[in-house]
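The values are calculated or read from the model by the stated rules, or taken from the named source; none is laboratory data. Keep in mind that this is a model prediction, so the values were computed, not measured. Note that each Cβ is placed from the backbone with ideal geometry, even for glycine, and that neighbours are counted across all protein chains shown. Accessible surface is based on the protein model in full, side chains and every heavy atom, while ligands, DNA and RNA are left aside. Shrake-Rupley method; radii C 1.70, N 1.55, O 1.52, S 1.80 Å.
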Amino acid sequence: MFIPSSFLKSLRHQEESLRVEFSLLCWNVAKLTMSSSYKEFIEALIQNHDFDLMLLQEVKKSISHELDIHDYSYVLSPNIETKKHIFGVLSAFKSSCEDEFALLSKKRELRYATHKVSLITHHKMPNNDILLVVNLHAINFVNNSAFKNELDYLYESLRAHKGAMIVAGDFNTWNLKRVQFLNEFTHNLSLKKVEFGDDKHIKKIFTNSLDHIFYRDLSLTYSEVIDSKKISDHNPIIAKFSTL
């Protein structure tokens with residue numbers, strides 16, 4: 001295994017801005033993006049919810065085949081590459097991508113000696129302001145202080161942005177110390193947490209949720225957790241926002 005050197009991307013909506021009301025899907029798909037069950041399930045999700053943004057973690061792509069991502073622009077930021085496949089986080093959207101930037105974790109995970117990655121993209125809103133979106137798969141299999149250091153590293157890349165922001169993904173917040181560090185991170189960025197009326201389907205370890213969506217300078221209008229029927233060991237979380 002080795003670290004890939006560049007993004008994979010297809011930008012087809014560079015003349016489009018986000019809608020005044022837009023929807024977001026966040027899902028750790030557990031490397032199942034090439035399976036028929038995943039493809040059928042996400043196709044139904046897209047038809048039902050018409051997502052403007054999709055933030056997927058643990059995406060698996062064949063090197064020899066194009067990525068099938070429906071009618072979306074996308075940026076795939078890999079953290080692992082083998083002879084046949086690329087793995088990473090993927091952000092898909094139906095609006096312009098004004099910029100993209102990836103942060104590989106400074107630490108490697110002990111189990112596979114691999115980095116994790118955070119993908120930062122910028123999208124034009126109807127008022128021509130810029131929404132910053134972070135698609136994050138937080139590091140695991142390291143001690144709590146290393147986890148905090150990675151959040152601090154990400155914070156330094158976000159602190160200068162003025163205006164609307166979404167930070168979402170699999171945060172691997174499986175113990176109370178990690179939850180505390182994440183709370184400090186979101187507080188310092190003035191981020192609010194998307195709450196779910198029924199969160200029984202959100203993946204938890206020791207009662208701590210792993211998947212989250214945080215936001216600022218937007219109005220939350222809807223949130224939902226979808227049962228993926230064990231397609232992945234995580235379930236999709238959905239939020240809808242208004243830019244007004």
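Using the Cβ of Lys192 as centre and a radius below 12 Å, the other residues enclosed give a net charge of 0, where K and R count +1 and D and E count -1. Secondary-structure-derived ellipticity at 222 nm for the chain, considering helices only, amounts to -5500 deg cm²/dmol, per-run term -39500 (n - 2.57) for DSSP H runs with n ≥ 4.
Under 17 Å from a label point set 7 Å out along the Cα-to-Cβ vector of Leu176, the amide N atoms of the range 131-167 belong to 144-145. If the segment from Lys192 to Leu244 were pulled out straight at 0.36 nm per residue, it would be longer than the present Cα-Cα gap by 17.1 nm.
Maximal additional length on extending the Asp199-Lys39 stretch stands at 55.2 nm, based on 0.36 nm per residue less the C-alpha distance. Stretching Leu110 away from Ala146 to a fully extended chain increases their span by 11.8 nm, per 0.36 nm per residue minus the current alpha-carbon distance. When the Cα positions of Phe181, Ser209, Phe171 are compared along the charge dipole of the range 169-215, Phe181 comes out farthest toward the positive end, with charges on each C-beta of Lys, Arg, Asp and Glu. The simple spin-label model puts a point 7 Å past each Cα toward its Cβ; for His161 and Gln47 those points are separated by 3.3 nm.
Taking only protein heavy atoms and a 1.4 Å probe, the accessible area of the chain is 49% carbon and sulfur.
Qualifying trypsin sites (Lys or Arg not before Pro) in the range 136-214, where qualification requires a DSSP coil assignment and no more than 12 other C-beta atoms within 10 Å, comprise Arg159, Lys162, Lys200. For the range 160-244, the Cβ-based charge dipole about the Cα centre amounts to some 120 debye (Lys, Arg positive; Asp, Glu negative; other atoms uncharged). Each of Glu15 and Ser64 was given a label point 7 Å from its Cα along the Cα-to-Cβ line. The distance between the two points is 3.8 nm. When +1 charges are put on Lys and Arg Cβ atoms and -1 charges on Asp and Glu Cβ atoms, the dipole computed for the chain relative to its Cα centre reaches about 900 debye. Counting lysine pairs in the range 92-163 that sit 8 or more residues apart in sequence, or on different chains, and whose Cα atoms lie under 13 Å apart gives 5.
Peptide packing: for 96-107, 52-63, the average count of neighbouring Cβ atoms within 10 Å per residue gives the ranking 52-63, 96-107, highest mean first. Across the range 121-197, the relative contact order, built from alpha-carbon pairs under 8 Å that are at least six residues apart, equals 33 percent. With the simple model of a label 7 Å out from the Cα in the direction of the Cβ, Phe206 to Phe7 spans 3.7 nm.
Each Cα pair under 8 Å and six or more residues apart adds its separation to the average, and for the chain the resulting relative contact order is 21 percent.
Ordering 117-128, 37-48, 227-238 by mean Cβ neighbour count within 10 Å, with the highest value first, yields 117-128, 227-238, 37-48. Each part gets one Cα centre, and for the range 76-151 versus the range 6-21 those centres are 17 Å apart.
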